[in-house]
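Peer 1: Once you've had a glance at the structure underneath, I'll fire off some questions.
The values are calculated or read from the model by the stated rules, or taken from the named source; none is laboratory data. Keep in mind that this is a model prediction, so the values were computed, not measured. Cβ placement follows ideal geometry from the backbone for every residue including glycine, while neighbour counts extend to all protein chains displayed.
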């Protein structure tokens, strides 16, 4: 009995040891399994995050592409009258000639002049085309047309075409004769900047035009931005002073000033702008100043004359060309850029609030000869 009792105890001890070993093994397996599961979870989470990121990037790219396509379509449609005026005349020249010779160039130059591009600019375009056709030995109609389009894009291209907002605040002075769409341009520009996250203040400093401040106030309410105004006939510099004070106190990003809506007296304009510049320098030292001249594209050559006059009186940094959708004279953009060297920064191609768009030279040239 003692023998079997002893054997039983030994067996029980062995069983306990086995149990402990099995238990330890199970715990180790559990720990390893838990680590493996955590690793799998992390890999799955990373994979999901990567997939979401890729989907988001694709969505953004699609949205950007759709937005660009949408703008190009609006630009193309907006330039419909101009494109018909230019393209029809250019196409007639190409159809009339079987080879690219001197007579072809003369006819093309005349077609561009008649399309309101202007004599000097048309001559420059044709001369460049002549050189490139000879250099590249081009003979096909499509190749020559593409070269023509690229030359126009190069003339319009400017490194300073983007709106400069590199200081906080930035001051944008908007000038131009009455009736060109100055107030509407300011409203649309304020809307664009607001969508970009900028805090905007408007200064109604065109105090001599009846109801100018009232119109600007409607745009301020529509865009939910602050407006500074005084009574009709007040000193424009006083409005700018109040605008600067408001911009500084609110910590706003951009102050847009509606001012200088007259060109009947260049000296008065220069004196007024000089006074405004001094107020801005004193109240907002170091602030970037953009001076945007608004021109009505439907006035054709007169828009060039206005640009020349204003450029002599003010330090214009960019041009906004409005009403492009309503004219066959959109080629005037090329003349302004080539003749004055002032960058076109925005173009208006419709009545919608989104139809004021940053100017893109290649898009414009492509839409023009689409």
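Peer 1: Have a look at 131, 147 and point out the one that is in a helix (DSSP H, G or I), surrounded by 14 or more Cβ atoms within 10 Å (Cβ to Cβ) and not assigned by TED's automatic domain parsing to the domain that holds residue 282. Reasoning before the result, please.
Peer 2: On the way: 131 fails: surrounded by 14 or more Cβ atoms within 10 Å (Cβ to Cβ).
So the residue among 131, 147 that is in a helix (DSSP H, G or I), surrounded by 14 or more Cβ atoms within 10 Å (Cβ to Cβ) and not assigned by TED's automatic domain parsing to the domain that holds residue 282 is 147.
Peer 1: Kindly provide the set of residues from the stretch 73-103 that are at pLDDT 70 or above, part of a loop (DSSP other than H, G, I, E, B) and either in contact with a helix residue (DSSP H, G or I) (Cβ under 7 Å, 6 or more places away or on another chain) or not assigned by TED's automatic domain parsing to the domain that holds residue 146 (or both), ordered by number.
Peer 2: 97, 100
Peer 1: Looking at 202, 163, which one is closer than 23 Å to residue 355 by Cβ, in a strand (DSSP E or B) and in contact with a strand residue (DSSP E or B) (Cβ under 7 Å, 6 or more places away or on another chain)?
Peer 2: Details: 163 fails: in a strand (DSSP E or B).
After applying the criteria, what remains is 202.
Peer 1: Are any residues in the stretch 221-248 within 17 Å of residue 173 (Cβ to Cβ), part of a helix (DSSP H, G or I) and in contact with a strand residue (DSSP E or B) (Cβ under 8 Å, 6 or more places away or on another chain), and if so, which ones?
Peer 2: Listed by number, the residues that qualify are 239, 240, 242, 243, 244, 246, 247.
Peer 1: Which one of the conditions (1) assigned to a helix (DSSP H, G or I); (2) farther than 30 Å from residue 243 by Cα; (3) modelled with pLDDT under 90 does residue 213 fail to meet, given that it meets all the rest?
Peer 2: (2)
Peer 1: Considering the stretch 340-365 alone, what residues qualify as being modelled with pLDDT of 80 or more and not in a strand (DSSP E or B)? Quick ask: steps written out before the conclusion?
Peer 2: Looking only at the stretch 340-365, we keep the residues that are modelled with pLDDT of 80 or more, and these are 340-348, 356-365.
Scanning the stretch 340-365 gives 340, 341, 342, 343, 359, 360, 361, 362, 363, 364, 365.
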